[in-house]
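Below is a structure I'd like to ask you about.
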Amino acid sequence: QPRNEAFSSPYTYHRRPSDDHRPVFALSLSRRLPDNRFCGASLFRNSFGQPSAYVFVGKNWDGFVRAAPRLYAGLSAGVIYGYKGEFKDKVPLNFGGFAPAVIPAIGYRLGDRGSVEMQVLGTAAVMFGANWRY
């Protein structure tokens, strides 16, 4: 069984587009732990073009819909860094560029190694990407 997972996101949809928004790209590596738990880190360029990072722990719930056993839900929580300067107030509880974050996700397993996933980024955006277990 693969113990690691990589996530890549080439596209994020903003609910309220702004001229300040830039394309968001994310790459995340995580370690799978017992009981569908995981921990990891993500590097990304935030919605305002700033280099950012997210360190997290989380859990996935596989097959939470009986009629769709490949569907899963996930939740991660951790600390995000990178929203600074004029954009520091774009994330709540931001102190010196650091802020807590909770990110729910829903995904669909394509097979043993691959999946597609949608992550809800607060009330601001939805990130779409793919996972690969290795």
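Exactly one of these conditions fails for Phe64: (1) modelled with pLDDT under 95; (2) within 23 Å of Arg3 (Cα to Cα); (3) open to solvent by less than 90 Å² (accessible area, probe 1.4 Å). Give me its number.
(3)
Could you list, in sequence order, the residues of the range 4-19 that are in a strand (DSSP E or B) and either open to solvent by 30 Å² or more (accessible area, probe 1.4 Å) or small (Gly, Ala, Ser) (or both)? Walk me through how you get there before you give the answer.
Filtering the range 4-19 for residues in a strand (DSSP E or B) gives 4-14.
Scanning the range 4-19 gives Asn4, Ala6, Ser8, Ser9, Pro10, Tyr11, Tyr13.
Moving on to the next point. For the range 83-100, indicate whether the set of residues that are among the basic types (Lys, Arg) and within 18 Å of Asp35 (Cα to Cα) is non-empty. Working first, answer last.
If we filter the range 83-100 for residues that are among the basic types (Lys, Arg), which is where we start, we get 84, 88, 90.
Of the ones still in play, those that are also within 18 Å of Asp35 (Cα to Cα) are none.
No, the conditions are met nowhere in the range 83-100.
What number of residues within the range 32-64 satisfy the criterion of being in a loop (DSSP other than H, G, I, E, B), touching a residue at least 40 places away in the same chain (Cβ under 8 Å) and not small (Gly, Ala, Ser)?
Here the count works out to 2.
Please find, among Arg22, Arg109, Arg45, Arg31, the residue that is of a type in the set (Lys, Arg) and at pLDDT below 95.
Arg22
Sort out which residues of the range 20-31 are assigned to a strand (DSSP E or B), closer than 17 Å to Ile80 by Cβ and either among the charged types (D, E, K, R) or in contact (Cβ under 8 Å) with a residue 40 or more places away in the chain (or both), and write them in order of number.
Ala26, the sole residue that qualifies.
Same structure, new question: Say whether the condition of being open to solvent by 30 Å² or more (accessible area, probe 1.4 Å), polar (S, T, N, Q) and in contact with a Lys or Arg (Cβ under 7 Å, 6 or more places away or on another chain) is met by at least one residue in the range 42-57.
yes
In addition: Scan the range 15-36 and give yes if some residue there is at positive phi, in contact with an Asp or Glu (Cβ under 8 Å, 6 or more places away or on another chain) and not small (Gly, Ala, Ser), otherwise no.
Checked against the condition, which is being at positive phi, in contact with an Asp or Glu (Cβ under 8 Å, 6 or more places away or on another chain) and not small (Gly, Ala, Ser), the range 15-36 yields at least one hit.
Please identify the pairs in which a residue from the range 68-95 that is farther than 19 Å from Gln119 by Cα has its Cβ atom under 8 Å from the Cβ atom of a residue that is outside any strand (DSSP E or B) and among the charged types (D, E, K, R), counting only partners at least 6 apart or on another chain.
From the range 68-95, the pairs are Phe87/Asp20; Asn94/Lys88.
Could you check how many residues of the range 78-101 are surrounded by 13 or more Cβ atoms within 10 Å (Cβ to Cβ) and assigned to a strand (DSSP E or B)? If you could, list the steps in order and put the result at the bottom.
Narrowing the range 78-101 to residues surrounded by 13 or more Cβ atoms within 10 Å (Cβ to Cβ): 78, 80-84, 87-88, 90-91, 94, 97-101.
Then keep just the ones that are assigned to a strand (DSSP E or B); that gives 78, 80-81, 98-101.
Residues that pass the stated criteria total 7.
The values are calculated or read from the model by the stated rules, or taken from the named source; none is laboratory data. A quick note: this is a predicted structure, and the numbers were derived from the prediction, not measured. Positions of Cβ are backbone-derived with ideal geometry, glycine not excepted, and every protein chain shown enters the neighbour counts. All accessible areas refer to the heavy atoms of the entire protein, side chains included, with ligands and DNA or RNA removed. Shrake-Rupley method; radii C 1.70, N 1.55, O 1.52, S 1.80 Å.
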